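Colleague: First the structure, which I've put down as structure tokens, then a few questions once you've had a look.
Please treat every number below as a calculation from the coordinates, not as lab data. None of the values given here were measured: they were computed from a predicted structure.
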Amino acid sequence: MWWRTVMVVSCLVIVGAALAFFREERSLRPTVAAEAMRRDAATLSTLVAGQAAPPAAENTRYEKSGYDLSEGKRLYRWFNCNGCHANGGGDIGPALMDDKWIYGADARNIYQTIVEGRPNGMPSFRNKIPEAQIWQIAGYVRSMSGLTPFYSRPSRNDDLQAAPPETMAPRQPPKLVAPEPQR
């Protein structure tokens, strides 16, 4: 009789071990739903000479929070964005403190640029930076040109006082520029 109990327990152990191989797959990084990406997808500017620039999108919640903009500033340095954009003044990459935006000044266009990258140098950070941090960086990038509310802009570090702090920069409406044709 005891051998039946041993057989039942053995069968349960074997079945449990077999089911362990078919457990649920979990992603360690949250992914943005394809539906949301399709809905919030950024588009390239359709700006034509003589046409007024389209209005910028309303501020996201990341642009209204001083904490989020300060985090965006920290992440901007941490991910070495200043290596190409030279603290916003432009170097290898384009300047981020002026009013000329090749791919648009909307927060969603900046977000899309960070996620997808751009030709001729801007790498893609898809699945390398969490979505919330990308929005924080995009908010900080917009704050460099004075496109965020005055009360939430982070101050400039003391070692970067060659220009006035972002909080004192005048608001500059974006000027969209078409990229130069490739030769």
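Colleague: Setting aside same-chain residues fewer than 8 positions from Lys73, which lysines have a Cα under 16 Å from its Cα?
Modeller: Lys64
Colleague: Give the long-range amide H neighbours of Met122: residues separated by 5 or more places, or on another chain, with amide H under 5 Å away, using H modelled in the peptide plane at 1.01 Å from N.
Modeller: none
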